[in-house]
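Have a look at the structure below before the remarks.
The values are calculated or read from the model by the stated rules, or taken from the named source; none is laboratory data. Given the structure is predicted, the values throughout are model-derived calculations rather than measurements. Counting neighbours? That spans all protein chains shown, and the Cβs are built from the backbone with ideal geometry, glycine included.
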Amino acid sequence: MDNPLVSPELGLIFWTTLSFAILLFILKKFAWKPILGAITEREEGIKDALASAEKAKLEMENLTADNERILKEARAEREALLKEAREIKNKMISDAKDEAQIQAGKMIEQAKTAIESEKKAAMAELKNQVAELSVDIAEKVVRAELSNKDRQLKLVEDILEEATLN
Amino acid sequence: MNVYLHRILHKVFLIEKLMQINTFKTFLLSLFLTISFFGYAVEIKEGNIDKTEDEKPFNVKDLIFHHITDSHSFHVYGNTEDHFPKALTISLPVLLWTENGLVTFMSSEFHHDVEGKTIVERKGLKFINLHEKIYQLNDGVSVVEFDKQTHPTNAARPADFSITKNVFSMFLSMILLLFIFITAARSYKKSSSNMPSGIGKFMEPIIVFIRDEVAIPNIGEKKYEKYMPFLLTIFFFIWINNVMGLIPFFPFSSNLSGNISFTFTLATITFIITLFSSRKYYWKHILWMPGLPVPMKLFLMPIEIIGMFVKPIALMIRLFANITAGHVIILSLISLIFILNTIWVAPLSVLFSLFISVIEVLVVAIQAYIFTMLSALYFGQALEEEH
């Protein structure tokens, strides 16, 4: 170990050990702990702030979404109400129309029936009148016919002839 | 499984990146070493032509070694001769533990002598400075003697706890680190919303990077917090010392993080923490690899045991070699002027050393990052549970 470059010296080893130990002790207590503590604390603070900002953003989004939903619902409700009203109106009109139609139909029907029955009665009357008239006429004709003997014979002959032809 | 694959890919990527830088460095280093030998030859020839007693051949190895090894005094500027400007060297305390107890004196007592000629006597013991290593002369000896390999034969080294250039530099880095990070921590407290200001603003991204890119991916979300102080301290400690080594003037410029003792200590601390963090699965993985046939288990066991130690050793050598190589290259480039003995090479030297310095700024940060990341990776492996 002649080379002074690669032969360790006791004195320097001793002083290095001592210096490093002192340095480590003092720096640990007065520098590294406060500095690292402050850095960590600040980083935590930033992390917290970011997290709460994110949370606030989320809440805001929720709130907007809620508002949007409520507005939409209200709009839908109004639409529904309007639609219902329109339907009711239409129904009322159509109902009224139907009622009127039915009523009119009924009236026409009644009128028709009344006319029919009147007609029937009139027809029956007419038939009776015709029958009486016919009987009267027939009586008068028969009387006139049967007053002459020849004519009576002739009639019989005619009737017989008709019967033979049959 | 995916996380594993990612880790391995990440590692491979880093190693490749590292290799690229290293290959480039090695290339440059070998280039300049070749040139320096060539220069040596020229120097010696010239020396033969007009021989003057004062002019010694320029020794690039000694110069570089002087700059990258530790020393007992801090050389600020000038040389030790009496030329203008007069040399300025800060002398540093020497602390020795000997059989007579603690011995202390200032390094100026040696009067810049590193050849062992000046003897300092304290508590009845004689000390010499031999190439920045303090030796204690044996009893009754007044002149140091050497064997053929220039090892002293009649002196031994006492336990040397001196405040050397590197130790001084380390203390300075400690003061800077404490100042920077305590100021940063205070800036958090001042603000109401935990916002940093000033230097804290600059440091926070790096701290967060170590946490999010180093600690959490390697150790895991649940356990990383315990290791954060260590990882941050080691990262900034290595980085600041790397950067201080790049600044070429007093009170910086020492090669602390390129010193094997320094990297050895930090790697050992990482290793010890790894062992203390280890769970049952870590040892099972090393001693009796699950999911393999028995011969394979037996074959892998010694490899894994060696691997356990190789990891911190690699940490130690990687940091040491990278930082030292950076210093050596820059010094070699500057030395080129003196090796070739012409001012005309200066622009090229300065340009190249500027270029390398810029790369070094990147390398020193990457080295600190790699040391930290691998430490975190080893902790993560030690903490792994059976899955």
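What single numbered condition from (1) facing chain B (nearest Cβ under 7 Å); (2) loosely packed, with under 15 Cβ neighbours inside 10 Å fails to hold for A:Phe25?
(1)
Among the residues of segment B:235-246, is there at least one that is more than 22 Å from B:Val364 (Cα to Cα) and crowded, with 21+ Cβ neighbours inside 10 Å?
Here is the first cut: in segment B:235-246, the ones more than 22 Å from B:Val364 (Cα to Cα) are none.
Taking every residue of segment B:235-246 in turn, none turns out to be more than 22 Å from B:Val364 (Cα to Cα) and crowded, with 21+ Cβ neighbours inside 10 Å.
Collect the residues in segment B:265-278 that are buried (at least 21 other Cβ atoms within 10 Å of the Cβ) and either under 9 Å from the mean Cα position of the chain (by Cα) or among the aliphatic types (A, V, I, L, M) (or both), keeping them in residue-number order. Steps first, please.
Our first condition is that a residue be buried (at least 21 other Cβ atoms within 10 Å of the Cβ); within segment B:265-278, this holds for B:265-267, B:270, B:274.
Those that are buried (at least 21 other Cβ atoms within 10 Å of the Cβ) and either under 9 Å from the mean Cα position of the chain (by Cα) or among the aliphatic types (A, V, I, L, M) (or both): B:Leu266, B:Ala267.
Give segment B:187-196 a look and list any residue that's surrounded by 13 or more Cβ atoms within 10 Å (Cβ to Cβ), at pLDDT 85 or above and more than 8 Å from chain A (Cβ to nearest Cβ), or say none.
B:Ser187
Residue pairs, Cβ under 7 Å, 6 or more apart or interchain, first in segment B:258-284 and within 19 Å of B:Thr69 (Cβ to Cβ), second in a helix (DSSP H, G or I) and of a type in the set (Ser, Thr, Tyr). List them.
From segment B:258-284, the pairs are B:Gly258/B:Thr324; B:Ser261/A:Thr16; B:Phe262/A:Thr16; B:Thr265/A:Thr16; B:Thr265/A:Thr17.
When you scan segment B:172-228, how many residues do you find that are in contact (Cβ under 8 Å) with a residue 12 or more places away in the chain and not in a helix (DSSP H, G or I)?
So the count comes out to 4.
Name the strands (runs of 3 or more DSSP E) wholly within segment B:110-167 that hold at least 1 residues that are within 13 Å of another protein chain (Cβ to nearest Cβ) and touching a Phe, Trp or Tyr at 6+ places or on another chain (Cβ under 7 Å)? Even if it seems obvious, please write down each step before you answer.
Values: elements: B:120-122, B:125-130, B:133-137.
Fully inside segment B:110-167 and qualifying: B:133-137.
Under the condition of being in contact with a helix residue (DSSP H, G or I) (Cβ under 6 Å, 6 or more places away or on another chain) and among the polar types (S, T, N, Q), which residue from segment B:265-287 is nearest to the other protein chains (Cβ to nearest Cβ)?
Among residues in segment B:265-287 that are in contact with a helix residue (DSSP H, G or I) (Cβ under 6 Å, 6 or more places away or on another chain) and among the polar types (S, T, N, Q), the one nearest to the other protein chains (Cβ to nearest Cβ) is B:Thr265.
Among the residues of segment B:145-162, what is the count of those that are touching a helix residue (DSSP H, G or I) at 6+ places or on another chain (Cβ under 9 Å) and crowded, with 19+ Cβ neighbours inside 10 Å?
Total satisfying the criteria: 3.
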